[in-house]
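Derivation of every value follows stated rules applied to the coordinates shown; laboratory data play no part. Since this is a predicted model, take the numbers as computed values, not measurements. Methodologically, a virtual Cβ is constructed for each residue, glycine included, from the backbone with ideal geometry; neighbour enumeration extends over all protein chains shown.
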Amino acid sequence: MKYIFSSVLVLILLTSCKEIQKSDSKNGIAQTETIIANNADEVTITPIEHATAVLQWGETTIYIDPVGGAEAFKNKKKPDLILITDIHGDHFNLETLDFLDTSKAKIILPQAVANKMPDNYIPQLDVLNNGESKERYGITVEAIPMYNLREEALNFHTKGRGNGYILSKGKQRIYFSGDTEDIPEMRALENIDKAFICMNLPYTMTVESAVSAVLAFEPKEVYPYHYRGKPEVSEVAKFKKLVNEINPEIKVIQLDWYPGSEY
């Protein structure tokens, strides 16, 4: 009896520490969500499209760059926390915010986005500048710079206008890059468990630049996102190959950021 109990306990402990991907996948791409268990709370990451995601962290529901209208968030819990990275339409859409029930939500955003919010949202806003942080619902949100380095792209994302974000709770640290290149502030990050990294031209960075940055700060897991641009779609399979050729310990996870597409 003692042996059976011990075996069951070991099985439970192993299950609680592992990452579980939902089974509805094709070509290694998870179609809906990834569930990560840790010692405190379970984290569910649901890609919506491109740069938009929903995180369920314990009892807290977090929307990242909510765009796409109310239909994109059908059957999702009302947000407790909304993070907006930049002013561009694939990150900030006032019509979507108006469609959603955000009545109980705190909205963390850079000043450039706050300047575009109507007065009725003012009581909900937490403006963060690069380097500042705020704790909400037991989650610390830190604003990380995001900007372009290439001469031809400098006007796309100027330094200080937008925010990437690190979300921290317990020992778990999750990073969303926003629209950026492989800037020194990204390369210097430490102790990142899960990193969501953009890679699309001409607006952000090349696959090779994203690889270089990831190899510099070595997150435990990296999720390519925001990888469709003009005229081409970034090669996320190539990204995974290049990362793991040099550091096979970094787990590259591809979620379905473009429903209905092969990418």
Inset, instruction - Enumerate the calculated ³J(HN,Hα) couplings along region 173-189 in order (Karplus 6.51 cos²θ - 1.76 cosθ + 1.60, θ = phi - 60°), each rounded to whole Hz, writing x wherever the residue is Gly or Pro. - result: 10, 10, 10, 10, 6, x, 8, 7, 9, 7, 6, x, 5, 6, 4, 8, 4
Inset, instruction - Quick one: which residues, 5 or more positions from residue 162 or on another chain, have an amide H under 5 Å from its amide H? H modelled 1.01 Å from N in the peptide plane, none for Pro or chain starts. - result: 146
Inset, instruction - Mind computing the radius of gyration and Dmax over the alpha-carbon atoms of region 118-163? Å is fine for both. - result: 13.8, 41
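Convex hull over the Cα atoms of region 55-123, averaged projected area in nm²? Working shown, then result.
Numbers: hull surface 17.5 nm².
Here the figure is 4.4 nm², rounded to one decimal.
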Legend entry - P(r), alpha carbons of region 26-252 - 10 Å bins starting at zero, rounded %: 8, 35, 39, 17, 1, 0
Legend entry - Karplus-derived HN-Hα couplings along region 238-252 (A = 6.51, B = -1.76, C = 1.60, θ = phi - 60°), whole Hz, x at Gly and Pro: 5, 4, 4, 4, 5, 4, 6, 5, 9, 9, x, 6, 7, 8, 9
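Using a 10 Å cut-off around each Cβ, can you sort 85, 61, 52, 140 from fewest to most neighbouring Cβ atoms? Walk me through the numbers before you get to the answer.
Details: 85 31, 61 20, 52 23, 140 13.
With the fewest neighbours first, 85, 61, 52, 140 line up as 140, 61, 52, 85.
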Legend entry - Long-range amide H partners of residue 49 with built H, under 5 Å: none
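Relative contact order of region 26-252: what whole-number percent is it, with Cα pairs under 8 angstrom and at least 6 residues apart? Walk me through the numbers before you get to the answer.
Working: 486 pairs, mean separation 25.6, N = 227.
Worked out over region 26-252, it gives 11 percent.
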Inset, instruction - May I ask you to evaluate 6.51 cos²θ - 1.76 cosθ + 1.60, the Karplus curve with θ = phi - 60°, for each residue of region 124-133 and list the ³J(HN,Hα) values in order in whole Hz, giving x for glycine and proline? - result: 8, 8, 10, 7, 10, 8, 3, x, 8, 9
Inset, instruction - Please give, to one decimal in nm, the separation of the simple spin-label points placed at residue 133 and residue 98, each 7 Å out from Cα toward the Cβ. - result: 3.7 nm
